[in-house]
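To start, the structure itself, in structure tokens.
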Amino acid sequence: MRIIGLTGGIASGKTSAAHLFEKLGAAVVDADQLAREVVQPGEEALAQIVASFGDKVLNPDGTLNRAALGEIVFADPSARRILEGITHPAIRKRAEEKLQRLREAGTGTAFYVAPLLFEAGITSRVHEVWVVYLDQETQLARLMARDGLSREAALSRIASQMPMEEKKKLGRIVIDNRGSRDELEAQVLKLWREEIADRTKG
Ligand SMILES: CC(C)(COP(=O)(O)OP(=O)(O)OC[C@H]1O[C@@H](n2cnc3c(N)ncnc32)[C@H](O)[C@@H]1O)[C@@H](O)C(=O)NCCC(=O)NCCS
Ligand SMILES: Nc1ncnc2c1ncn2[C@@H]1O[C@H](COP(=O)(O)OP(=O)(O)OP(=O)(O)O)[C@@H](O)[C@H]1O
């Protein structure tokens with residue numbers, strides 16, 4: 001099974017692009033979704049987070065208060081590394097399990113969508129990397145609009161990742177998401193035809 005790592009900066013449009021590929025029939029494993037699964041109540045990672053960061057990162061119902069934890073870790077790189085040390089091994093394990101199930105089901109190509117593919121050094125687990133690219137002003141505007149963040153909070157999230165211009169250089173394929181949603185869809189469709197469907201046929 002061929003695994004395409006789909007990455008890009010925060011709010012670059014990875015999830016949007018992945019949904020479009022999924023609509024065309026692609027198999028998708030999403031690291032952000034797995035990151036949510038591994039911190040559900042009862043999971044070991046949630047207990048470790050509370051042990052490291054305290055009860056203040058829990059909601060009254062015992063679920064993770066993502067906004068509270070986000071405020072801490074995006075303002076403090078050492079706190080972020082502690083959180084990653086807890087969550088990343090659990091995310092990787094789940095990703096391997098999901099990819100293995102897809103492999104066993106005879107899937108030809110699967111996308112592994114991960115914001116920190118380069119930062120977390122997991123490029124060796126995928127066969128090639130595609131990057132969803134955006135200029136920083138558009139990125140900032142979309143991030144602030146989607147998550148209701150202040151400019152300062154949005155900038156600190158962007159600063160916690162490898163700069164987008166660097167990521168762009170590392171992708172075999174770059175999907176340019178500076179334009180409209182229709183333009184994104186047109187690129188996805190072209191890539192689907194040229195890079196996935198036609199190859200499978202050939
Ligand atoms: C800090 C948390 C609780 C904030 O939750 P929130 O709901 O606000 O954001 P969400 O999880 O939807 O992530 C949104 C985006 O933030 C960026 N992001 C998330 N974690 C990190 C990180 N450790 N470093 C840099 N950027 C990150 C990614 O681009 C991601 O797509 C959450 O992001 C988290 O648990 N992060 C640690 C796990 C992780 O590294 N996830 C990234 C996928 S491997
Ligand atoms: N071409 C586009 N035009 C306008 N808005 C867009 C476009 N593509 C994506 N968006 C919007 O930008 C925001 C970020 O997109 P998306 O959630 O797909 O990014 P992401 O890379 O998955 O983000 P994250 O790393 O935070 O998970 C969303 O609100 C999405 O609806």
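Bear in mind that the values in this text are calculations on the coordinates, not laboratory data. Since we're looking at a predicted model, the values are computed, not measured. Cβ: placed from backbone, ideal geometry, glycine included. Neighbour counts: every protein chain shown.
Below is a table of values for the structure above.
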| read-out | value |
| --- | --- |
| Placed amide H near V28: partners under 5 Å, 5+ positions off or other chain | F111 |
| Non-local Lys pairs in the stretch 2-195, i.e. 8 or more apart or on different chains, that have alpha carbons under 29 Å apart | 24 |
| Two-decimal log10 I(q)/I(0) for the stretch 11-84, as the Debye equation yields it once each C-alpha is a single scatterer, q = 0.22, 0.28 Å⁻¹ | -0.98, -1.29 |
| E165-D61 pseudo-label distance in nm [points 7 Å out on the Cα-to-Cβ vector] | 4.5 |
| Counted charge near V57, where neighbours are those whose Cβ lies closer than 11 Å (Asp, Glu -1; Lys, Arg +1) | 0 |
| Order of Y133, Y112 - criterion: other Cβ atoms within 10 Å of each residue's Cβ, fewest first | Y133, Y112 |
| Net charge over other residues, Cβ less than 15 angstrom from the Cβ of E97 (K, R count +1; D, E count -1) | +2 |
| Nearest-20 debye value, the chain charge dipole, Cβ charges on Lys, Arg, Asp, Glu | 460 |
| For the stretch 99-120 and the stretch 167-202, distance of Cα centres in Å | 17 |
| Net charge of Cβ neighbours under 12 Å - reference H88; Lys, Arg +1; Asp, Glu -1 | +3 |
| 222 nm mean residue ellipticity, helices alone, for the chain (DSSP H n ≥ 4; -39,500 (n - 2.57); rounded to 500) | -15500 deg cm²/dmol |
| Compactness index (Cα Rg / 2.2 N^0.38 Å), the stretch 107-202 | 1.21 |
| Rounded to 10°, Cα long-axis angle of helix 44-53 versus longest principal axis of the chain | 50 |
| Shape call, the stretch 16-154: gyration tensor on alpha carbons, a/c limit 1.5 | oblate |
